[in-house]
1. Can you name the residue in the stretch 113-133 that is buried (at least 23 other Cβ atoms within 10 Å of the Cβ) and out of contact with any Asp or Glu (no Cβ under 8 Å at 6 or more places or on another chain) and is also farthest from Ala261 (Cα to Cα) among such residues?
2. Would you say Glu364 is buried (at least 22 other Cβ atoms within 10 Å of the Cβ) and more than 16 Å from the ligand (Cβ to nearest atom)?
3. Being open to solvent by less than 70 Å² (accessible area, probe 1.4 Å) and among the hydrophobic types (A, V, I, L, M, F, W, C) is the filter here; which residues of the stretch 173-202 pass it?
4. Tell me which residues, restricted to the stretch 310-335, are in contact with an Asp or Glu (Cβ under 7 Å, 6 or more places away or on another chain) and assigned to a helix (DSSP H, G or I).
5. Select the strands (runs of 3 or more DSSP E) contained entirely in the stretch 206-309, then report the ones holding at least 2 residues which are open to solvent by less than 30 Å² (accessible area, probe 1.4 Å) and within 16 Å of the ligand (Cβ to nearest atom).
6. For the stretch 141-160, give me each residue that is open to solvent by 20 Å² or more (accessible area, probe 1.4 Å) and under 19 Å from the mean Cα position of the chain (by Cα).
7. Would you check which residues across the stretch 47-78 are surrounded by fewer than 20 Cβ atoms within 10 Å (Cβ to Cβ) and of a type in the set (Gly, Ala, Ser) and list them?
8. Go through (1) within 16 Å of the ligand (Cβ to nearest atom); (2) within 18 Å of the chain's Cα centre (by Cα) for Leu330 and report which single condition fails.
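The values are calculated or read from the model by the stated rules, or taken from the named source; none is laboratory data. Everything numeric in this text was worked out from a predicted model, so none of it was measured. Here Cβ is always computed from backbone atoms with ideal geometry, including for glycine, and neighbour counts include all displayed protein chains. The accessibility values were calculated without ligands, DNA or RNA, using every heavy atom of the protein model including side chains. Shrake-Rupley method; radii C 1.70, N 1.55, O 1.52, S 1.80 Å.
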Amino acid sequence: MRKWITPSHVEGDASRQAHADLPDGTYEREMSKEGFFGPAAFLHHKRPPTGWVDFEGPLRPRAFNLARLDHSLESPWAAPVVLHNKATELRFWRLDKAMTNLARNADGDQLLFIHQGRGDLYCDFGHIEIEPGDYVMAPRGTMWRLAPAEPFSILMIEATNSHYTLPDKGLVGNHAIFDPALFDAPKIDEKFKAHQAEDGETRVEVKKRGQVSVITYPYNPLDVVGWHGELSPVRMNIRHIRPLMSHRYHVPPSAHTTFLADRFVVCTFAPRPFESDPGALKVPFFHNNDDYDEVLFYHAGDFFSRDNIDAGMMTFHPSGFTHGPHPKALKNMLVQKKPATDEYAVMIDTRDPLDVGVGAEAVEFKAYVDSWKPKGE
Ligand SMILES: [Fe+2]
């Protein structure tokens, strides 16, 4: 598709390069269509656009301490729903002991992000070991069970009635950021064969249209002796991700896209050097992401742009208001004390509005809306 040369408006006291060389003492806000891909405007404000003193009504930034959802549940389909819409369902699942039954998601591809814990995954395709920071993608219909060696805390992200695919990496090509060769598939190894040998009646909990049905076999149906093809569960650890960055430009979150579904994206924030160009922003820019609801799950590290956020928490920014750095981070807008970020986080941006599940409401951090208020020092 041709990308025509079209003029762009410049009005008043303005930079001509997004996220750089802002007029002195101003704060930039990006307002854009379709995430950061469509037409956009960059407005230079005299004050941070998060300077509200009150926020009333149903729309507001929210945060949930998912680490408090620590009640072990043997079935993934019993795990509390945190956020959901027609295109996705997010659950947070604590699993302390091996699943007795097999699980099968008939509603969509299932992505598991391993926040804590390690152990074994057995599925139709074989066995694979999993550890903290792993993404495990199980295509719709896969039968699987987990056996933790250390208790698992897992963020479950379902691509409802859809598929996980990879993003188009554009100018930098298919092997940048992460190489598809880093995806591992399950193997028919000795552990899998030992698991097959544990024969006997097996129940499969199938989730279809949000309801669970149970199919019972008089034997262990994970009994394949071999397979071939292009479709299988895959695993990749987030430490393998080499984030796209520029020393002269704060790249938008979309540059960190790891997986795509039809109506949402999954992005990974991994440690990266701060920009070094004197005029370039070193923190996320203020933005209205007016077409997407934004969800961020904090996995590990020092969350440089957020006050009062710890590992295991999730923030939810519905579209409709401007958000951006907290006051503490904003002080370092143009000069950072550290050479690099030190955070791992998983972002889910959805094209359709999300609803909050009962599970999330129970662990809400209600003061989050006030966390942009400047603290006296
Ligand atoms: Fe955002």
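1. Tyr122
2. no
3. Let us first name the residues in the stretch 173-202 that are open to solvent by less than 70 Å² (accessible area, probe 1.4 Å), namely 173, 176-180, 182-186, 188-189, 192, 194-196, 200, 202.
Of everything in the stretch 173-202, those that are open to solvent by less than 70 Å² (accessible area, probe 1.4 Å) and among the hydrophobic types (A, V, I, L, M, F, W, C) turn out to be Ala176, Ile177, Phe178, Leu182, Phe183, Ala185, Ile188, Phe192, Ala194.
4. Scanning the stretch 310-335 gives a single hit, Lys328.
5. Counting at least 2 such residues, we get 264-269, 286-288, 293-302.
6. Listed by number, the list holds a single entry, Thr160.
7. Across the stretch 47-78, the qualifying residues are Gly51, Gly57, Ala67, Ser72, Ser75, Ala78.
8. (2)
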